[in-house]
1. For the stretch 57-149, what is the charge dipole size about the Cα centre, in debye to the nearest 20, if Lys and Arg each add +1 at the Cβ and Asp and Glu each add -1 at the Cβ?
2. Packing-wise, with mean Cβ within 10 Å as the measure, how do 125-136, 35-46, 58-69 rank, highest first?
3. Using only the Cα atoms of the stretch 1-98, construct the convex hull and provide its projected area averaged over every direction, in square nanometres to one decimal.
4. Give me a comma-separated list of calculated 3J(HN,Hα) values for the stretch 35-46, in order, Karplus coefficients 6.51, -1.76, 1.60 applied at θ = phi - 60°, integers in Hz, x for any Gly or Pro.
5. Only Lys, Arg, Asp and Glu count, each charged at its Cβ (+1, +1, -1, -1), so figure out the dipole size of the chain about its Cα centre, rounded to 20 debye.
6. Where in the stretch 184-231 are there trypsin sites (Lys or Arg not before Pro) that are in a DSSP coil and have at most 11 other Cβ atoms within 10 angstrom of their Cβ?
7. Under a crude label model (7 Å from the Cα following the beta-carbon direction), how far is S110 from A165 in nanometres?
8. Along the positive direction of the dipole of the stretch 50-155 (beta-carbon charges: Lys, Arg +1; Asp, Glu -1; about the Cα centre), which of A118, N139, H60 reaches farthest?
Amino acid sequence: MTGLIDTHTHLYLPEFADDESCDGAPDAVDRAVSAGVGLLIFPNVDLTTIQPMKRLAARHPSHVSMAMGLHPTEVADDWKEALQTIHAELQSGIYIAVGEVGIDLYWDASRRQQQMEAFDAQLDMARQLGLPVIIHCRNALDETLEVLQGHPSVAAVMHSFGGTADDVSRILKTGPYYFGINGILTFKKSTLPDAVAAIPPERLLLETDAPYLAPVPMRGRRNESAYLTHTASRLAETLGMDGQAVATLTSDNARRLFAIADHNDRIDS
C-alpha cells in the first residue's frame, strides 16, 4: 500500500528520543515514509510539547503537518492561561487543525467542568479560524456531544474511535463527523469491526496514535507510524476491499477534512 495518511501520531514525544541519538539514521518519520505513509499529522499535547513537535516537523516539511491544542488530561488550574498560548500558536497560520482536544473522564472526573469549558473554548477557536478539530473522547461521549452541539459548523474527527454502532449513530446525529481508526481494530477481542460497518466509508480515517496502541502483530511494542499498514490491512479485510483502495479512500477523506493538498503537490510546491 502507498499514499497512506496517518492522521494522528505523536512521533515527537520522548518515547522516540533514541531516534534523535542516532545521527544520520532513519527516524520514525523516515520509516513511515518508507512503509508507504506519505503524510503524518502531529497533534499537540500541552505547552511542553510544542517545540519538540515543531522541531521534528521542520525536519520533514514535505511529510508532516501539525495541529495545535491542549489535551483534556492536561487541563490544570492554569488552563485559561495555557489556552492563550494555544490561541497565539493557532493564529500563526502554520496548523491545519485544532487538536488534540476534548474530554477525558477515564483517569480523573474531578475536572469535568473545566475540561468541558476548555473544549468549548478551543472549538470556538476552530470556528473563528475555519479549522477542523481532532477530538479526544474517553468515558465522556455524553459530555463531548453536549459541547459539540454548540458548534454545528465545526468539522471534526473522533480520534481513536473505539465505540459501538450505537455510538456511531449518536455521533452522526450530532454532526457529520469523521472517525479515526487505529490499532484497536486489530485487537483480538475488539468489537470495533462491528462498529466500522455503521460508519459511512467517506467518514473513515486511519491513524496510529503512536507511540500508543500498536496494532497486531506489533502489539506490546512502541507504536510508530510505519505500523499503519497493519491497521489499513485489517480495515480492508473488514470492509471487503482491496488494501490500496482503502489507502486511497481514507487518504482522500483526510485531505478533504484537513484541506490538505495531494502528497505530490506538497512536494512540488
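Taken together, the values in this text are just the output of simple stated rules run on the coordinates, not laboratory data. Just so we're clear, the structure is a prediction, and the values are computed from it rather than from any experiment. We place every Cβ from the backbone using ideal geometry, glycine too, and count neighbours over all the protein chains shown.
1. 360
2. 35-46, 125-136, 58-69
3. 6.7
4. 7, x, 9, x, 9, 10, 10, 9, x, 6, 10, 8
5. So the dipole magnitude of the chain works out to roughly 500 debye.
6. Answer by residue number: K188, K189, R221.
7. The answer from the label model is 4.1 nm.
8. So the residue furthest toward the plus end is H60.
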